[in-house]
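A short worksheet on the structure shown next.
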Amino acid sequence: MAVATNVHFTLLVKMDGRLREINFRQRSVILYNVDTTDERNNRWKFDWSQEGEEWTLRPVSPDFPEWIVRNAGAIREKFLEHFL
């Protein structure tokens, strides 16, 4: 009998001088659905996927905020630390 697991975790990432909660939900070995909120409590969703050796984000909406894209390196660093 196969057992499906639901892997999810939250990381605190400092972006532009503020701590943000970044919520990850694993969909496959190389894909996570991710969300975070801005200062107005708008929820922003994106995919976090492994392409080759690099983890990258892919926005879900066309009006995706630039501050998340700009801080992809900080997200990547915390994400990788989580698995050490």
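Each reported figure results from applying straightforward, stated rules to the coordinates on display, with no laboratory input. All of these numbers come straight from a predicted model, not from anything done at the bench. Here Cβ is always computed from backbone atoms with ideal geometry, including for glycine, and neighbour counts include all displayed protein chains.
Here the 3J(HN,Hα) profile of the range 52-62, calculated from phi with Karplus coefficients 6.51, -1.76 and 1.60 at θ = phi - 60°, is x, 9, 10, 8, 9, 9, 10, x, 8, 10, x Hz, Gly and Pro shown as x. Summing charges over all other residues whose Cβ lies under 9 Å from the Cβ of Y32, with Lys and Arg as +1 and Asp and Glu as -1, gives +1. Couplings 3J(HN,Hα) for the range 44-51, derived from phi with the Karplus relation 6.51 cos²θ - 1.76 cosθ + 1.60 (θ = phi - 60°), are 10, 10, 7, 9, 10, 10, 9, 10 Hz, where x marks Gly and Pro. Taking a sphere under 14 Å around the Cβ of H8 and counting the other residues whose Cβ falls inside, with K and R at +1 and D and E at -1, yields a net charge of +1.
Rounded to the nearest 10 degrees, the inclination of helix 72-82 to the longest alpha-carbon principal axis of the chain is 40 degrees. Restricting the trypsin sites (Lys or Arg not before Pro) of the range 11-84 to loop positions (DSSP other than H, G, I, E, B) with no more than 16 neighbouring Cβ atoms within 10 Å leaves R40. Once Cα extents along the principal axes in Å is worked out from the coordinates, which option in [x] 32, 26, 25; [y] 45, 24, 22; [z] 45, 31, 18 does it equal? Evaluating Cα extents along the principal axes in Å on these atoms matches [y].
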